[in-house]
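Structure record follows, encoded as structure tokens.
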Amino acid sequence: MGLLHWIFGKHPPRPPDPERTCEAAWLPMWQAQLVLHELWERDIPSVVSEDFTSHLRFGAREPMARIFVMEPRLVEAEAAIEEIIGHPPAHQGM
């Protein structure tokens, strides 16, 4: 029972790591550029990365981009993105 509890048991959430980057959103390229500038206006450091794999997966019908932020600012960034685009941001692979 000890091994199964260790594997499937409840684990406390780890605290945010200030050195770790996380994906905040997966958006169409045109929308990602607009959201990125709004995040900068709100003093949330963020970067955008063009996602060329979305065409191979047929997950999108247009060029896509991923927005990354530092993990301590992830919740704040996702809330801002939701406010900007009007719905919760998608994440690649989810």
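Overview of results
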item	result
Which listed residue, of D17, D43, is in contact with a helix residue (DSSP H, G or I) (Cβ under 6 Å, 6 or more places away or on another chain) and in a loop (DSSP other than H, G, I, E, B)	D17
Out of A77, A60, sole residue that is open to solvent by less than 50 Å² (accessible area, probe 1.4 Å) and either polar (S, T, N, Q) or modelled with pLDDT under 95 (or both)	A60
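Matching residues to (1) at negative phi; (2) touching a Gly at 6+ places or on another chain (Cβ under 6 Å); (3) surrounded by 13 or more Cβ atoms within 10 Å (Cβ to Cβ); (4) at pLDDT 80 or above:
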| residue | (1), (2), (3), (4) |
| --- | --- |
| H5 | yes, no, no, no |
| K10 | yes, no, no, no |
| M29 | yes, no, yes, yes |
| V35 | yes, no, yes, yes |
| D43 | no, no, no, yes |
| E50 | yes, no, no, yes |
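The values are calculated or read from the model by the stated rules, or taken from the named source; none is laboratory data. Here the structure is a predicted model, which is why all the values come from computation and not from measurement. All Cβ positions, even for glycine, are placed from backbone atoms using ideal geometry, and neighbour counts span all protein chains on display. Keep in mind that these areas ignore ligands, DNA and RNA; they rest on the heavy atoms of the full protein, side chains included. Shrake-Rupley method; radii C 1.70, N 1.55, O 1.52, S 1.80 Å.
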